[in-house]
Amino acid sequence: DHYLGGGKRPLPEQFVAFRTMAGPYFRESRDGRCVFYVLIVLTLLNSGVRVVFSYLVRDFYNALEQKDQEKFYGVMLQFMMALLVMVPISVFYRFQAQRLAIKWRDWMTGRIMQLYYSNRVYYCLERGREIDNPDQRISEDVRSFTSSSLGLFLNVVTSSVDLVCFSIILATIQAQLFIAIVLYASLGTVATYFIGRKLIRLNYEKLAREAFYRYSLLRVRENAESVAFYAGEDIEEKEVGHRFNKVIRNMKDVNVAQRNLDFFTTFYSYFTWILPIVVVAPEYFAGNVEMGVVTQSSSAFSHVLDDLSLIINQFETLSEFSAGIERLYQFTTAIKKADPSRDDDSPILMLPPGSNDRGFLFTRRPAAAEKVAVDTI
């Protein structure tokens with residue numbers, strides 16, 4: 001458990017670690033860049049459709065309030081036309097996001113495995129015992145890094161675009177709404193960080209403790225004959241139980257920390273239901289705004305609040321992502337240090353001198369190499 005001291009890298013250093021691991025794929029893969037650019041365009045279109053829908057909903061409620069049947073059916077026709085545009089955009093947006101995540105994971109797994117098997121790095125790491133569970137870091141941590149990085153980036157882009165668009169809508173309805181939401185979101189973000197920051201360390205420990213527990217079970221399976229011969233069942237059971245107890249203690253700690261955070265975030269979330277209506281209600285009762293404007297202000301308020309509250313809404317995911325960055329960066333750094341052909345200044349995912357990039361795992365089919373390996377066995 002001497003590995004568990006990690007996960008406390010300052011935020012600027014974590015960003016540098018993230019950029020160091022994420023950058024090479026988009027610099028080297030033209031296909032990845034193309035898919036990424038298409039995804040950005042779809043993200044912008046997705047946000048634009050949401051803005052259009054906010055005005056359609058406003059006109060819909062205004063028509064209901066005014067009992068204007070002609071206007072009502074006109075808005076319904078516009079709504080159906082917008083729906084025909086929105087559905088393909090939303091579907092292809094999710095499709096492209098998943099497609100890019102698959103391509104990125106394929107490339108990154110292939111690159112890390114090539115570095116791991118070069119110059120017997122795998123043997124040096126196993127002999128030095130400096131890195132726990134390299135199998136988990138190659139399989140689960142790479143998957144988590146690529147999917148979480150992409151999801152987080154898209155959330156940031158979407159939130160930024162929505163923030164600008166819906167802030168303009170709020171400002172045109174009532175300036176006090178925009179001021180209220182900025183203050184409310186700022187208070188919520190600061191409070192969430194101080195209440196939930198313990199989750200970052202606990203989620204880092206969770207990854208390591210689960211890996212140790214799984215390794216202890218795997219060791220019994222791989223050494224079943226030796227365990228049976230030496231009657232070591234009691235010792236192995238105690239060791240597995242000891243590591244499982246640490247998993248359970250961590251789960252309890254995470255549950256308590258999450259409960260404390262949920263007290264605040266739940267109140268914060270429910271209060272937003274009435275806050276924009278309370279702010280706009282005096283203008284509505286005075287006859288200065290229509291019901292459609294009230295509903296639009298509530299919708300725009302929710303959008304802007306979600307955008308400004310990204311840390312609050314994604315805090316648990318961000319804490320897990322932070323832990324994953326730390327583990328993967330430790331692993332790739334250890335690979336570089338264990339390779340005698342690489343110096344300290346070489347980029348963390350750069351191939352050793354004299355190596356050729358063997359490409360993506362999905363497209364790599366070394367039939368000849370596989371035949372040699374089989375014949376050797």
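General observations
- Residue list for region 284-302, filter: open to solvent by 20 Å² or more (accessible area, probe 1.4 Å) and in contact (Cβ under 8 Å) with a residue 60 or more places away in the chain: V289, E290, M291, V293, T295, S299
- Qualifying residue in region 108-123 (condition: open to solvent by 10 Å² or more (accessible area, probe 1.4 Å) and either in contact with a Gly (Cβ under 7 Å, 6 or more places away or on another chain) or within 18 Å of Q314 (Cβ to Cβ) (or both)): no
- Positions within region 334-346 being open to solvent by 70 Å² or more (accessible area, probe 1.4 Å) and closer than 16 Å to M113 by Cα, in sequence order: K337
- Enumeration of residues in region 86-105 that are open to solvent by 70 Å² or more (accessible area, probe 1.4 Å), aliphatic (A, V, I, L, M) and more than 16 Å from the chain's Cα centre (by Cα): V87, V91
- Flag if T317 is out of contact with any Cys (no Cβ under 8 Å at 6 or more places or on another chain) and open to solvent by less than 20 Å² (accessible area, probe 1.4 Å): no
- Among the residues making up region 133-146, those that are surrounded by 18 or more Cβ atoms within 10 Å (Cβ to Cβ) and more than 14 Å from A323 (Cα to Cα) are N133, P134.
- Residues satisfying the stated conditions in region 156-171, i.e. crowded, with 17+ Cβ neighbours inside 10 Å and either under 30 Å from G110 (Cβ atoms) or without any contact (Cβ under 8 Å) to a residue 40 or more places away in the chain (or both): T158
- Number of the condition not met by E130 [criteria: (1) modelled with pLDDT under 85; (2) in a helix (DSSP H, G or I); (3) open to solvent by 30 Å² or more (accessible area, probe 1.4 Å); (4) not basic (K, R)]: (2)
- Test: K246 is loosely packed, with under 12 Cβ neighbours inside 10 Å and under 38 Å from the mean Cα position of the chain (by Cα): no
- Failed item, numbered, when F331 is tested on (1) closer than 16 Å to R58 by Cα; (2) open to solvent by less than 50 Å² (accessible area, probe 1.4 Å): (1)
- All positions within region 193-231 that are in a helix (DSSP H, G or I), without any contact (Cβ under 8 Å) to a residue 40 or more places away in the chain and either among the basic types (K, R) or on the phi > 0 side of the Ramachandran plot (or both): R219, R221
Yes/no per residue for (1) surrounded by fewer than 16 Cβ atoms within 10 Å (Cβ to Cβ); (2) touching a residue at least 40 places away in the same chain (Cβ under 8 Å):
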residue	(1), (2)
V16	yes, no
F26	yes, no
Y37	yes, no
I40	yes, yes
S54	no, yes
R58	no, yes
N62	no, yes
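- Pairs linking a residue in region 172-192 that is crowded, with 19+ Cβ neighbours inside 10 Å to a residue that is small (G, A, S) and not in a helix (DSSP H, G or I), with Cβ atoms under 8 Å and 6 or more positions apart or on different chains, are A185/S309; G188/S309.
- Subset tally (residues that are without any contact (Cβ under 8 Å) to a residue 40 or more places away in the chain and open to solvent by less than 70 Å² (accessible area, probe 1.4 Å)) for region 257-283: 4
The values are calculated or read from the model by the stated rules, or taken from the named source; none is laboratory data. Note that the structure is predicted; figures quoted are calculated from it, not measured. Cβ sites come from the backbone with ideal geometry, for glycine too, and all protein chains shown count toward neighbours. Surface areas here come from the heavy atoms of the whole protein model, side chains and all, with no ligands, DNA or RNA. Shrake-Rupley method; radii C 1.70, N 1.55, O 1.52, S 1.80 Å.
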